[in-house]
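To start, the structure under review is shown below, and the notes come after it.
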Amino acid sequence: MAAPKLASFPAIRSALKFYQICSVITGIGLLLLVTEMILKYTPLRVEVFAGGSGGFLWLAPVIPGIDGELVSTGDGVNLSLGILIVHGWFYVVYLFACFRIWSLMRWSLWRFLILAAGGVVPFLSFVMEAIVARDIKNYLATREAAAASDPVISTESTR
């Protein structure tokens with residue numbers, strides 16, 4: 001696989017920062033989503049609401065409907081539904097960040113798939129963020145040091 005060009009290093013640094021931010025937001029969203037699923041689909045059977053008759057922040061029970069689907073009994077803003085929507089849309093942004101860093105670094109398809117899994121496996125986005133940041137920073141530092149010591153390579157690889 002071809003190595004990234006020295007001229008693309010500023011774009012890689014920018015993509016890394018964007019990936020790190022997206023990774024943390026997606027990881028937090030996924031943990032909130034898992035918490036919401038536990039609250040709703042275990043014997044607790046509640047959803048989180050803001051405002052309405054229960055006060056500022058409260059739990060409303062869900063009951064089985066006619067077709068077996070769970071029906072919410074709360075009023076106010078359904079934060080459980082909001083968590084689902086926000087995580088879903090931000091996962092798309094996270095995938096874009098993964099694709100950007102993957103394509104700039106010219107990694108294998110397997111690496112992209114592992115990065116993408118970070119948004120659906122709890123805690124994996126935090127682990128991957130640390131590994132990816134470490135790997136990329138080390139790679140860039142090594143390549144820049146090699147380019148500084150051998151000026152012929154640095155002019156060749158920027159074309």
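The values are calculated or read from the model by the stated rules, or taken from the named source; none is laboratory data. A quick note: this is a predicted structure, and the numbers were derived from the prediction, not measured. Using ideal geometry, Cβ is built from the backbone for each residue, glycine included, and neighbour counts are taken over all protein chains shown.
A few comments on the model shown:
- Residue match in the stretch 14-25 (condition: over 17 Å from the mean Cα position of the chain (by Cα), crowded, with 17+ Cβ neighbours inside 10 Å and of a type outside the set (Asp, Glu)): no
- Summed over the stretch 1-46, the residues that are hydroxyl-bearing (Ser, Thr, Tyr) and either touching a Cys at 6+ places or on another chain (Cβ under 6 Å) or farther than 19 Å from Trp89 by Cβ (or both) give a count of 4.
- Residue within the stretch 49-66 that is over 22 Å from Ala116 (Cα atoms), at pLDDT 90 or above, crowded, with 17+ Cβ neighbours inside 10 Å and not aromatic (Phe, Trp, Tyr) present: yes
- Any hit, the stretch 43-61, residues being of a type in the set (S, T, N, Q) and under 16 Å from Leu84 (Cβ atoms): no
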